[in-house]
Amino acid sequence: MTKNQNVLKWVEEMKALTKPDKVIWIDGSEEQLQALRDEAVATGEMQKLNEEKLPGCLYHRTAENDVARVEDRTFICSREKENAGPTNNWCDPKEMYAKLTPLYDGVMKGRTMYVIPYSMGPIGSPIAKVGVEITDSIYVVLNMDIMTRMGADAFKNLGDESNDFVRGLHSKANVDPENRYIVQFPEDNTIWSINSAYGGNVLLGKKCFALRIASYQGWKEGWMAEHMLILGVKKPDGEVKYITAAFPSACGKTNLAMLIPPEGYKKAGYEVFTVGDDIAWMKQGPDGRLYAINPENGFFGVAPGTNAKSNYNALASTRKNTIFTNVALNNDDNTVWWEGLDKNPPENATEWTGKKVNGKEWTAEGKKLAHPNSRFTAPAKNCPCVSPEFDNPQGVPISAIIFGGRRAATTPLVYQSFNWQHGTYVGSAVSSETTAAATGAVGVLRHDPMAMKPFCGYHMADYWAHWLEMGKKLGDKAPLIFNVNWFKQDENGNFMWPGFGDNMRVLDWIIKRCEGTIDADKTPIGYLPKKGDINLEGIEDEVTSEVEDKLLAVDKDLWKKEVAEMGEFYKQFGDKLPDELKQELADLSARLG
Ligand code: GTP
Ligand code: SPV
Ligand code: MN
């Protein structure tokens, strides 16, 4: 399928190491894919769902101990420890190769090795890059087919000579959590993943390549790889403004990327288009502006909470040719169910670990039918609001960058940074309550700078310096930087902001700020909407004047605590912390008095 000696030599080496019975090169043809689906169904690895209601859809369950990313077993193996920085696990690459080689030795005996060529980004895009993943899992092949541009064309793009491809080696081995490793070698363009079969650990094009390796490449090559959705807002005058947003895992990227504007906005002619829901690669264009592509080709989305009301477009995307992982089964009609899909858990259910249960009784006892991090893998082209620019190799020009997280208090609904440098500070200060997307406790507030804590492939302080550098290059063409918080709570622990489609009201304010058509209040933390400037038409009952005040409040005492906290957080970065960020923190502190 390719004459590229660099690819052929590497595949031979990996074959000699893992010793599969058979090697299959994935060309991406429908015929080959169908044979793999049939095989996965025949062996029980996957289950075919109702062909009328969910045509082409498959169901899969992972091991109970293998349901989320494992951050404590994820490593950045740069040659120098210094280059991984204090926010990553590090190990000397020689040591790590030596430790993992015996685990891979003969691991594919009795199995088939699949060689998957793929492109992250539209084939032929100047921003796109090629990867090759070797795996012993059909589930991985079928997911990579949805999530990337997979098949022989990716090799065509690579050419016969180039060595510029990311080498990904995955084996599910025996899914042993004690020997699970997700390892990036940024200087070698290499990823080794073993003993997991869960999404973010094994679909190596996604977090491992498109964020950890790519963020390192972007640093070296002068561009940015970010944990960001990309959306377009079409205004009544027909112009489309593009916005990216970085929220930590399971904090609302997919939902915002596909939002349906409230009635009033729809009537006025607003429309939202999805370019991406998780990752953005951004480069300065010939006109000096920042352009973004979505390197992915599908959505690996959180299932629970997705329904026709919260995210119609995501749900619609999953109605055909989708893979469901760790959701529940409705055995009456062989369809899927998860918490929040509707108020009708199926009586004749199989919960996510495989137990047959009465779903009504089960959920009445407070038990979950679907795993909180259960996911759908859906083709982007299924999405009713996918952007006409989705395949544009040049990407889309970005007007605004938004940061956000889950914050019960302190952070107001929205504010704008004073400039790029201050915006970089705001991004570095993102904290969020942890979610089920990674193993570990849920609901604990932790620092997650730019939503990249688990995904930055080099020293976080160098990454911030790179942000500052990009800002200098972009100059007055730089996008404006904002911060949002959909998760502020009242005294009773209830969310005060309705969220979802109503987030359009905040995007509206952001776009007006970009256009310079609306004023704002200058506060110590940044520019805030003037009272009444967030359009609350139709939700006045829920967001009363009093609630509006609370949503937009800047509590100086809480912010002083935040500043003290940031001072502590910054300490671990030592001399590497850019002076500009130190200055921003000092300025914020001074403004708070
Ligand atoms: P990853 O795929 O893990 O990166 O997650 P994500 O950032 O794409 O998060 P997603 O959009 O899937 O949302 C995760 C959870 O947050 C879901 O349970 C949603 O229902 C919930 N959520 C999303 N948007 C909002 C919002 O505006 N308000 C509230 N209250 N919840 C939201
Ligand atoms: C996330 O956790 O941010 C995800 C899901 O998007 S995973 O692919 O597991 O990383
Ligand atoms: Mn994500």
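The values are calculated or read from the model by the stated rules, or taken from the named source; none is laboratory data. Nothing here was measured: the structure is a model prediction, and the numbers come from that model. Neighbour counts run over all protein chains shown; Cβ positions are idealised from the backbone, glycine included. Heavy atoms of the whole protein, side chains included, go into the accessibility calculation; ligands, DNA and RNA do not. Shrake-Rupley method; radii C 1.70, N 1.55, O 1.52, S 1.80 Å.
Details
- Prolate/oblate/rounded call for the range 329-437, Cα gyration tensor, a/c under 1.5 rounded: oblate
- Take 329-341, 517-529, 558-570 and order them by the average number of nearby Cβ atoms within 10 Å per residue, most first; the result is 329-341, 517-529, 558-570.
- Across the chain, Cα pairs under 8 Å and at least six residues apart give a relative contact order of 14 percent.
- Judged by the mean number of other Cβ atoms found within 10 Å, the most tightly packed of the peptides 539-548, 3-12, 77-86 leads the ranking 77-86, 3-12, 539-548.
- For the range 292-374, trypsin sites (Lys or Arg not before Pro) meeting the loop criterion (DSSP other than H, G, I, E, B) and having at most 16 other Cβ atoms within 10 Å: Lys309, Arg319, Lys320, Lys343, Lys355, Lys367, Lys368.
- The range 295-312 versus the range 218-241: alpha-carbon centroid distance in Å: 19 Å
- Protection proxy ranking of 413-424, 156-167, 21-32, by the mean of other Cβ atoms within 10 Å over each peptide's residues and highest first, is 413-424, 156-167, 21-32.
- Stokes-Einstein D for the chain, Kirkwood Rh over Cα pairs, 4 °C, 1.567 mPa s (µm²/s): 53 µm²/s
- Antiparallel bridge percentage (DSSP; both residues within the chain; nearest 5): 65 percent
- In this structure, Glu263 and Glu95 have a Cβ-Cβ separation that, at R0 = 60 Å, corresponds to a calculated FRET efficiency of about 0.50.
- Remark: the range 1-69 carries 54 Å² of accessible area per residue (probe radius 1.4 Å; ligands, DNA and RNA excluded).
- Surface exposure of the range 122-248, expressed per residue as accessible area with a 1.4 Å probe, stands at 23 Å².
- Rounded to the nearest 500, the 222 nm mean residue ellipticity of the chain from helices alone is -8000 deg cm²/dmol, with -39,500 (n - 2.57) taken per DSSP H run of at least 4 residues.
- Among the listed pairs Lys477/Lys512; Lys488/Lys561; Lys512/Lys561, those beyond 23 Å (Cα-Cα): Lys512/Lys561
- Gain on full stretching of the segment that runs from Lys19 to Glu187 - 0.36 nm per residue minus C-alpha separation: 57.9 nm
- Charged-residue dipole, Cβ positions (Lys, Arg, Asp, Glu), the chain about Cα centre, Debye nearest 20: 560 debye
- Those GluC sites (Glu not before Pro) in the range 205-293 that DSSP places in a loop and that have at most 11 other beta carbons within 10 Å: Glu239
- The range 299-382 - Rg over Rh from alpha carbon coordinates, Kirkwood radius: 0.96
- Radius, Kirkwood style, for the range 339-386 when every pair of distinct Cα atoms is counted (Å): 12.3 Å
- Counting protein heavy atoms only, the range 299-382 has 48 percent of its accessible area on carbon and sulfur, 1.4 angstrom probe.
- Accessible surface ranking that places the most exposed of Trp497, Trp90 first, with a 1.4 angstrom probe: Trp90, Trp497
- Pairs of lysines in the range 299-382 whose Cα atoms sit within less than 28 Å of one another amount to 22, provided the residues are eight or more positions apart or on different chains.
- Per residue, the range 299-382 exposes 41 Å² of solvent-accessible protein surface, assessed with a 1.4 angstrom probe and all protein chains in place.
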